[in-house]
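The structure under discussion appears below in the form of structure tokens.
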Amino acid sequence: MKNLTESVIDPKQIELSKHVFKDGKLIPSVRFKILRGWGQINKIGPTGHVLIVGGIGTLNYTKESDIDITIKWIGPADNFKAAQKTAISLSGKEFAGTHEINYSVQQNIYPDYFDAIYDVITDHWLKGPSEAGINVDRYIQRFEQVASTITTDKAELLSDLTDYRALNHTTNEDRKKIQELIELKLEEIENNISSLGDQYLEIWAARKGAFDEPDINELKEYGRRNALPDNVIYLLLRKYCYLHFLHTIYKISDNGMQKSELDDVEDAYEKFNNCRIAKGFEESLAVLLGSID
């Protein structure tokens, strides 16, 4: 299982990202970008800490790792949603090398949720930098179960989409019967989309629960929130493109599926497969999950 472990867990780097830190300190130009974004949020109401949190502050970052900025909100409650909206609008607009800068505004910040914390305003570490690696062997069986369920439902969705397209191009004279079959197939597609959307919510809620209300026994066993199974499964699903696919489907199901969105479903499926190829999915996980398609 050694090779598999090395393939699905980001390897330890020898130093922090050179695009973000130099000699253990935040690069001034990066700090300026972050503080400029913070300034836009601070116009809405007073804030407290401005923190870099998560993987970018550890030795287990990758070139795709985001710079996650968490800002503590101490302003009026009525302005909190406006501050959150501004944070979302600022996210992804600026980069430090390959690292996208993302903002989040929180009323409460829990330091033990994060493996590393850097205070941007005071320009020093509050926690870390550290190595945040985990042993994936402990999570393989559960990951296999979740991934297999998604793969099965995804395959059923593709099959129904293929049938739907074929029915739409049928020149059979019995159009009434064909139309009935089309409506039935659309219902099956909608059910598949709903099921996949529900899976996204379940995975998201389970991860949130692992941080907000962790199982005490699990916390004792795994040592920290970031190592809890629901969080690690979430990260693995995100790493290997499942989560983006599920989120795309969820957005369609949440709004009520329209016929015009079937192209979006097929596009999401294609992007899912392309993403897996780009990440070498078949090579790294075939031994675990078997043949996916």
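Confirm whether Leu158 is over 30 Å from Tyr110 (Cα atoms), in a helix (DSSP H, G or I) and of a type outside the set (Gly, Ala, Ser).
Details: over 30 Å from Tyr110 (Cα atoms): yes; in a helix (DSSP H, G or I): yes; of a type outside the set (Gly, Ala, Ser): yes.
The answer is yes for Leu158.
Determine, yes or no, whether Ala147 is aliphatic (A, V, I, L, M), in a helix (DSSP H, G or I) and either over 30 Å from Asp112 (Cα atoms) or modelled with pLDDT of 90 or more (or both).
On the way: aliphatic (A, V, I, L, M): yes; in a helix (DSSP H, G or I): yes; either over 30 Å from Asp112 (Cα atoms) or modelled with pLDDT of 90 or more (or both): yes.
When the stated conditions are applied, Ala147 passes them.
Go through Gln199, Gln106 for me and flag whichever is among the polar types (S, T, N, Q) and touching a Lys or Arg at 6+ places or on another chain (Cβ under 8 Å).
On the way: Gln199 fails: touching a Lys or Arg at 6+ places or on another chain (Cβ under 8 Å).
Criteria check complete, one pass: Gln106.
Here are some residues: Asn108, Asn168. Which one is of a type outside the set (Phe, Trp, Tyr), surrounded by fewer than 14 Cβ atoms within 10 Å (Cβ to Cβ) and at pLDDT below 90?
Details: Asn108 fails: at pLDDT below 90.
Exactly one residue qualifies, and that residue is Asn168.
Test of understanding: among Lys185, Lys176, which residue is part of a helix (DSSP H, G or I), farther than 30 Å from Leu235 by Cβ and free of Cβ contacts under 8 Å to residues at least 12 places away in the same chain?
Lys176
For the stretch 89-98, check the following and say yes or no: at least one residue is crowded, with 19+ Cβ neighbours inside 10 Å and in contact (Cβ under 8 Å) with a residue 60 or more places away in the chain.
yes
With the requirement that a residue be buried (at least 19 other Cβ atoms within 10 Å of the Cβ), at pLDDT below 95 and of a type outside the set (A, V, I, L, M), what does the stretch 54-83 give you?
Result: Gly54, Gly55, Gly57, Thr58, Asn60, Tyr61, Ser65, Asp68.
What single numbered condition from (1) within 29 Å of Leu237 (Cβ to Cβ); (2) of a type in the set (D, E, K, R); (3) in contact with an Asp or Glu (Cβ under 9 Å, 6 or more places away or on another chain) fails to hold for Arg31?
Failed condition: (1).
Being in contact with a helix residue (DSSP H, G or I) (Cβ under 7 Å, 6 or more places away or on another chain) and modelled with pLDDT of 95 or more: is that true of Tyr113 here? Walk me through how you get there before you give the answer.
On the way: in contact with a helix residue (DSSP H, G or I) (Cβ under 7 Å, 6 or more places away or on another chain): yes; modelled with pLDDT of 95 or more: no.
No; evaluated as a whole, the condition is false for this residue.
Among the residues of the stretch 152-189 satisfying the criterion of being among the charged types (D, E, K, R) and under 16 Å from Leu246 (Cβ atoms), which is farthest from the chain's Cα centre (by Cα)?
From the stretch 152-189, those among the charged types (D, E, K, R) are 153-154, 156, 160, 163, 165, 173-177, 180, 183, 185, 187-188; that's our starting set.
Filter once more, so that each one left must be under 16 Å from Leu246 (Cβ atoms): 153-154, 156.
Details: Asp153: 20, Lys154: 18, Glu156: 24 Å.
So, considering only residues that are among the charged types (D, E, K, R) and under 16 Å from Leu246 (Cβ atoms), the one farthest from the chain's Cα centre (by Cα) is Glu156.
Check off (1) at pLDDT 90 or above; (2) in a loop (DSSP other than H, G, I, E, B); (3) within 25 Å of the chain's Cα centre (by Cα); (4) not charged (D, E, K, R) for Ala87 and give me the number that stays unchecked.
Condition not satisfied by Ala87: (2).
The values are calculated or read from the model by the stated rules, or taken from the named source; none is laboratory data. Keep in mind that this is a model prediction, so the values were computed, not measured. No Cβ is skipped: glycine too gets one built from the backbone with ideal geometry, and neighbour counts run over all protein chains shown.
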